[in-house]
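> Below is the structure I would like to discuss, written out as structure tokens.
Each reported figure results from applying straightforward, stated rules to the coordinates on display, with no laboratory input. The structure displayed is predicted, hence computed values, not measured ones. Cβ coordinates were reconstructed from backbone atoms using ideal geometry, including for glycine residues, and neighbour counts include every protein chain displayed.
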Amino acid sequence: MTDAKPFEIKGWHVLTGFVMAFSVIIGVNLTLAVNAVRTFPGLEVKNSYVASQAFEADRAAQTALGWEVSATVERGVLALSILENGHPIAPDIEAAVFGRATTVAADQTPVFNFDGNRLLADVEAGPGNWNLRLTARAADGTVFKQRVVVRVAP
């Protein structure tokens with residue numbers, strides 16, 4: 001017969017367990033915080049108060065254009081469709097940035113060509129959600145700004 005001593009939990013066991021558990025929690029939180037800050041694309045506008053002053057007027061002018069905007073990507077070609085009263089148009093594209101919603105690392109500046117129905121541009125896009133941040137100018141001088149969500153199938 002052996003005299004087996006029952007295992008006793010001592011203070012250093014409890015301390016080690018707490019230190020290990022909180023080390024994991026703090027390590028995960030630090031990793032998530034660093035990745036969130038590193039991949040944050042930045043501010044939309046420098047001064048949100050100033051931008052808000054013209055928001056309603058800009059929105060009303062854009063809505064008055066009556067444009068319907070959509071975009072797709074197939075086989076590396078970004079197809080941007082802008083319809084005015086159901087007819088395709090090719091407004092002056094002042095700025096266009098195609099990239100992921102969460103990071104600027106994959107941002108691209110597409111160069112569009114109008115084929116009579118759509119504006120086409122070569123892009124490199126893997127599967128997932130992409131954004132096209134578009135600034136165009138109508139024939140009457142109205143500036144049109146919109147973020148178009150583009151879903152690329154695998």
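> Using Cα pairs closer than 8 Å and at least 6 residues apart in sequence, work out the relative contact order for the chain, in percent.
Averaging sequence separation for qualifying contacts and normalising by length gives 20 percent for the chain.
> Follow-up. Taking K and R as +1 and D and E as -1, what net charge do the other residues with C-beta under 14 Å from the C-beta of T142 add up to?
Here the charged neighbours net out to -2.
> Then there is this: Quick one: T135, T63, fewest Cβ neighbours within 10 Å first, how do they rank?
Final ranking by Cβ density, sparse to dense: T63, T135.
> Shape of the chain from its Cα gyration tensor (a ≥ b ≥ c, root eigenvalues): rounded if a/c is under 1.5, otherwise prolate when a/b > b/c, or oblate?
In terms of gyration-tensor shape, prolate.
> Report, in degrees rounded to the nearest 10, the 0 to 90 angle that the Cα long axis of helix 11-39 makes with the longest principal axis of the chain.
Roughly 10 degrees, rounded to the nearest 10.
> In the range 1-110, which trypsin sites (Lys or Arg not before Pro) fall in coil by DSSP and have 12 or fewer other Cβ atoms within 10 Å?
Passing sites in the range 1-110 are K10, K46, R75.
> So which GluC sites (Glu not before Pro) in the range 1-87 are both in a DSSP loop and have at most 12 other Cβ atoms within 10 Å of their Cβ?
Passing sites in the range 1-87 are E8, E44.
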